[in-house]
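The values are calculated or read from the model by the stated rules, or taken from the named source; none is laboratory data. Keep in mind it's a predicted model, so treat the numbers as computed, not measured. When we count neighbours, we look across all protein chains shown, and the Cβ atoms used for this are built from the backbone with ideal geometry, even at glycine.
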């Protein structure tokens, strides 16, 4: 990845007005010292998207999208950070800094370019074989049986691989002068017993595009009963199947508009749904759903609706996918489209609107999982109960959300007709066995209180730091926050930077703070600074005292619980915890009595 120094980034940023750049994508109107328009990252009719040229930041009060000039271009153009910098530098007519490239790196870049070119030529080659030659008639007949029109075939650039063992190899090396090693590196040909051969032969071809719309790999389907039914390109320097999804390039506009993605299993499932007007659909690439794919989708969507086949294999794949998707914070639901029917068959029988209705009625992931497990296992037997609990805990704990876990414990108790306390004990045992830091409350309402307290402290932290940025200095009571442990990692990083300014006697500056933060912090900074807040006259009373008090009270509660838990197992450790509680209680009383004057 290319590296750009902070001086260069600042030069690009200073050369462009963020309102002008965003205004080229979104109609903006000026109100006061800000510009307003409809958010490009979610569908809305009333403008809630705000741009501040003074701060160089944007924020949506609807979907909370936020950031600076670079993050906006990253999102709107689907670029990496270096690509966004290069794009903006070109707009600003600023020459990119020259960097020394070794001979080895130059060779590597040349090889990569050749592979991209070979993959593009192969996509054209397969498409032409399908649409312009007699050898492609069998493939065309297959696609017609799958209800695809010539327009659909052209849109997805579907193709056909000739049946000969080395037709592509000969055409590409002799006519296009492409080196055999490039074709092999791209996964188009193989080598065995001293001869090259085409990897794809007599198959309908599905090109796989990267996020820029460039072909990087292929999936090929046989026309008879030979195995494997589907053959996919191997991993290559330009293709990592764990990091891409079929039809994602075509689906991105609708995904960004709706903030929702529908995940299906097969190429034809995705294509059929697109042709029936359901265009926020992607498919896995012949493998199980991966954490890398989940993180990729999280960049564009808030929710994934899984719509796998309803057979046992599809249901098992759905369960594994739920476990993975939950780890990145995606909202997950599961759509059912009828027993024995896959999305392709369903949409061709009933149409796109009927399928969208099934998506609207999709179950929350954990409701689906519980119902599925109750159907698979006998909830009245000890063995069945253990299977259900273990599989539920395996998925629930990936969310690291104590409130969610505790709420489902009650649902599980009711559905399985078990004592709630038994399930809570089993959940606690599971969490300890797997070394997880998840709190399982004795009673569900206790967890709600804990969550509210944490949210309150987080809001106070953000408000305190926003106040410091607004007045461009740390308040005189800043030393009182020494040693405070922030709940938010971003708030902790921002506070450290502010502390550097405070110790150096330098006034706070939004521009200088942005230079100190990493690019990935820009969204959080924009969200912090662009929200409107009431004026604060006494920051110590408004922020600092409640923050310190909340932190001390939380620590007091935790040490009290530890002391009680250790009372019988380790009396000496319990006594030490009680001494800590006495000290914390003394600090709490002193803080409550302390005045800001």
* Asked: Would you pick out the residues in the range 145-156 that are closer than 12 Å to residue 204 by Cβ and in a loop (DSSP other than H, G, I, E, B)?
  -> 146, 148, 156
* To do: Just one of (1) surrounded by fewer than 19 Cβ atoms within 10 Å (Cβ to Cβ); (2) in a helix (DSSP H, G or I) trips up residue 201, so point out which.
  => (2)
* Filter result (over 16 Å from residue 367 (Cα atoms) and assigned to a helix (DSSP H, G or I)) within the range 317-347 -> 317, 324, 327, 328, 343, 344, 345, 346, 347
* For the subset of the range 212-232 comprising residues that are within 14 Å of residue 120 (Cα to Cα) and part of a loop (DSSP other than H, G, I, E, B), which member is nearest to the chain's Cα centre (by Cα)? -> 212
* Please enumerate the residues belonging to the range 398-420 that are touching a helix residue (DSSP H, G or I) at 6+ places or on another chain (Cβ under 9 Å) and in a loop (DSSP other than H, G, I, E, B). => 400, 401, 418, 419
* Asked: Among the candidates 61, 4, 41, 8, which residue alone is under 22 Å from residue 79 (Cβ atoms) and in contact with a strand residue (DSSP E or B) (Cβ under 8 Å, 6 or more places away or on another chain)?
  -> 41
* Can you find a residue in the range 345-355 that is at pLDDT below 90 and surrounded by fewer than 16 Cβ atoms within 10 Å (Cβ to Cβ)? -> no
* Out of all the residues in the range 40-99, which are free of Cβ contacts under 8 Å to residues at least 60 places away in the same chain, farther than 12 Å from residue 9 by Cα and surrounded by 20 or more Cβ atoms within 10 Å (Cβ to Cβ)? -> 49, 51, 60, 72, 73, 74
* To do: Say whether the condition of being over 28 Å from residue 93 (Cβ atoms) and surrounded by 15 or more Cβ atoms within 10 Å (Cβ to Cβ) is met by at least one residue in the range 27-36.
  => yes
* What number goes with the only condition from (1) in a loop (DSSP other than H, G, I, E, B); (2) under 18 Å from residue 325 (Cα atoms) that residue 277 does not pass? -> (2)
* Asked: Which residue out of 178, 208 is crowded, with 19+ Cβ neighbours inside 10 Å and in a loop (DSSP other than H, G, I, E, B)?
  -> 178
* To do: Sort through 496, 492 and tell me the only one that's within 30 Å of residue 579 (Cβ to Cβ), at pLDDT 80 or above and surrounded by fewer than 16 Cβ atoms within 10 Å (Cβ to Cβ).
  => 492
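To keep it simple, each residue is scored yes or no on (1) surrounded by 20 or more Cβ atoms within 10 Å (Cβ to Cβ); (2) over 22 Å from residue 357 (Cα atoms); (3) in the same structural domain as residue 399 (by TED's automatic domain parsing).
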| site | (1), (2), (3) |
| --- | --- |
| 282 | yes, no, no |
| 285 | yes, yes, no |
| 289 | yes, yes, no |
| 298 | no, yes, no |
| 301 | yes, no, no |
| 305 | yes, no, no |
| 320 | no, yes, no |
* Look through the range 10-36, keep the residues that are farther than 28 Å from residue 253 by Cα and outside any strand (DSSP E or B), and return whichever of them is nearest to the chain's Cα centre (by Cα). => 10
* **Segments classed as helices (runs of 4 or more DSSP H), wholly inside the range 348-397, with at least 3 members that are farther than 22 Å from residue 320 by Cα and out of contact with any helix residue (DSSP H, G or I) (no Cβ under 6 Å at 6 or more places or on another chain)** => 352-360
* Is there a residue in the range 514-531 that is in contact with a helix residue (DSSP H, G or I) (Cβ under 7 Å, 6 or more places away or on another chain), outside the structural domain of residue 73 (by TED's automatic domain parsing), surrounded by fewer than 16 Cβ atoms within 10 Å (Cβ to Cβ) and at pLDDT below 80? -> no
* Asked: Looking at 166, 224, 198, which one is touching a helix residue (DSSP H, G or I) at 6+ places or on another chain (Cβ under 9 Å), without any contact (Cβ under 8 Å) to a residue 40 or more places away in the chain and not assigned by TED's automatic domain parsing to the domain that holds residue 319?
  -> 198
* Any residue in the range 485-498 that is in a helix (DSSP H, G or I), closer than 30 Å to residue 12 by Cβ and in contact with a strand residue (DSSP E or B) (Cβ under 7 Å, 6 or more places away or on another chain)? -> no
